[in-house]
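Have a look at the structure below, then the notes.
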Amino acid sequence: MTTMPTYFISHGGGPWPWMEDRNQHLAPLADSLAAMPSEYPEAKAILMISGHWEGPEYAVMHSARPPMVYDYYNFPPETYEIVYPAPGAPQIAEQAADLIRDAGLPTRLDDKIGYDHGTFVPAYVMYPQANVPLFQVSMRSHYDPAEHFELGRALAPLRDQGVVIIGSGLSYHNLRMLGPDSRVPSEAFDAWLTETLALPAAQRTPRILDWESAPYARICHAKEDHLVPLFTALGAAENDTAVRTYHQKEVFGGLTASSFRFDA
């Protein structure tokens, strides 16, 4: 079987595919997500690391039928009735937990957690029929870049078994600085990120791990929960080539956002 790619995607804001105005605004993002399945037609399952699930260890979603988590606020009532009925992947989840444990990292299986919007929103655009197994692995709350990179290295063998590893966050995430104020910092950070990911692995890895040295780093990610999924996606494809799959300016009135694929 072909080795699956990994991704770091910008997942947009809230339940945007179900909101006509936001869906039109984020049409380039929708196009990029919808195109992803054609890039790995042999995929057996999707493993998502979302910027919306963290805890004291690396929890692994284990349910065969995960419920929904509506972790967004002040959106239309109907968006709290969305159901994305993709099956879970409990057997692969058990294997993922074993790989994490074998790497010396703390883990547990979680039979109760459901799909958060960092997962079900992009998954819906990718697979509107909800016909591909989907499960999540949490971040750890300390956000340590090197350890989340190690998580990716641990999970990398799943790529040879048809599992696509996707880090779902945002290349810019500062909800207190949207609109025109986000334009300069997001453009600068996005340019740094694109340039850095294009480097050979020996240069790319240490530079990504030192992300706080990037221009406007702590303005673009005052809290780095939406950047951390990148570390795991890249750790699982450490020596692979980066390709920018989505790039949009003036998102939400000013910011620049991008997504990337990593493969051989």
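Which residues, counting only those in region 42-58, are touching a Leu at 6+ places or on another chain (Cβ under 9 Å) and within 21 Å of I9 (Cα to Cα)?
As a first pass, look at region 42-58 and keep what is touching a Leu at 6+ places or on another chain (Cβ under 9 Å): 45-49, 51, 57-58.
A45, I46, L47, M48, I49, G51, Y58 - these are the residues of region 42-58 that are touching a Leu at 6+ places or on another chain (Cβ under 9 Å) and within 21 Å of I9 (Cα to Cα).
Pick out the one residue from E250, E195, E238 that is surrounded by fewer than 17 Cβ atoms within 10 Å (Cβ to Cβ), in contact with a helix residue (DSSP H, G or I) (Cβ under 6 Å, 6 or more places away or on another chain) and acidic (D, E). Show your work before the answer.
Details: E250 fails: in contact with a helix residue (DSSP H, G or I) (Cβ under 6 Å, 6 or more places away or on another chain); E195 fails: in contact with a helix residue (DSSP H, G or I) (Cβ under 6 Å, 6 or more places away or on another chain).
Every option except E238 fails the conditions.
Restricting to region 157-200, count the residues that are closer than 20 Å to G235 by Cβ and without any contact (Cβ under 8 Å) to a residue 60 or more places away in the chain.
7
May I ask you to list the residues in region 104-129 that are of a type in the set (S, T, N, Q) and buried (at least 16 other Cβ atoms within 10 Å of the Cβ)?
The first filter runs over region 104-129 and keeps only residues of a type in the set (S, T, N, Q), leaving 107, 119, 129.
Answer for region 104-129, where residues must be of a type in the set (S, T, N, Q) and buried (at least 16 other Cβ atoms within 10 Å of the Cβ): T107, T119.
When you look at D190, is it buried (at least 18 other Cβ atoms within 10 Å of the Cβ), acidic (D, E) and modelled with pLDDT of 95 or more, yes or no? So that I can check it myself, show each step before the final result.
Details: buried (at least 18 other Cβ atoms within 10 Å of the Cβ): yes; acidic (D, E): yes; modelled with pLDDT of 95 or more: yes.
Answer is yes for this residue.
Report the residue count in region 59-115 for those that are of a type in the set (A, V, I, L, M) and touching a Gly at 6+ places or on another chain (Cβ under 8 Å).
At the first step, the residues of region 59-115 found to be of a type in the set (A, V, I, L, M) are 59-61, 64, 68-69, 82-83, 86, 89, 92-93, 96-97, 99-100, 103, 105, 109, 113.
Retained after the next criterion (residues that are touching a Gly at 6+ places or on another chain (Cβ under 8 Å)): 61, 64, 68-69.
Of the residues in region 59-115, 4 are of a type in the set (A, V, I, L, M) and touching a Gly at 6+ places or on another chain (Cβ under 8 Å).
Counting just the residues of region 104-113 that are assigned to a loop (DSSP other than H, G, I, E, B) and more than 19 Å from the chain's Cα centre (by Cα), which one comes out nearest to M19 (Cα to Cα)?
Only one residue tops the list, namely K112.
Residues A214, A257: which one is surrounded by 15 or more Cβ atoms within 10 Å (Cβ to Cβ), of a type in the set (A, V, I, L, M) and in contact with a Ser or Thr (Cβ under 7 Å, 6 or more places away or on another chain)?
Criteria check complete, one pass: A257.
Residue check: is A154 under 29 Å from A214 (Cα atoms), crowded, with 22+ Cβ neighbours inside 10 Å, in contact (Cβ under 8 Å) with a residue 12 or more places away in the chain and out of contact with any strand residue (DSSP E or B) (no Cβ under 8 Å at 6 or more places or on another chain)? Reasoning before the result, please.
Working: under 29 Å from A214 (Cα atoms): yes; crowded, with 22+ Cβ neighbours inside 10 Å: yes; in contact (Cβ under 8 Å) with a residue 12 or more places away in the chain: yes; out of contact with any strand residue (DSSP E or B) (no Cβ under 8 Å at 6 or more places or on another chain): yes.
Considered against the rule, which asks whether it is under 29 Å from A214 (Cα atoms), crowded, with 22+ Cβ neighbours inside 10 Å, in contact (Cβ under 8 Å) with a residue 12 or more places away in the chain and out of contact with any strand residue (DSSP E or B) (no Cβ under 8 Å at 6 or more places or on another chain), A154 comes out as yes.
The values are calculated or read from the model by the stated rules, or taken from the named source; none is laboratory data. Source: prediction; values computed, not measured. Ideal geometry is used to build each Cβ from the backbone, glycine not excepted, and the neighbour counts take in all protein chains shown.
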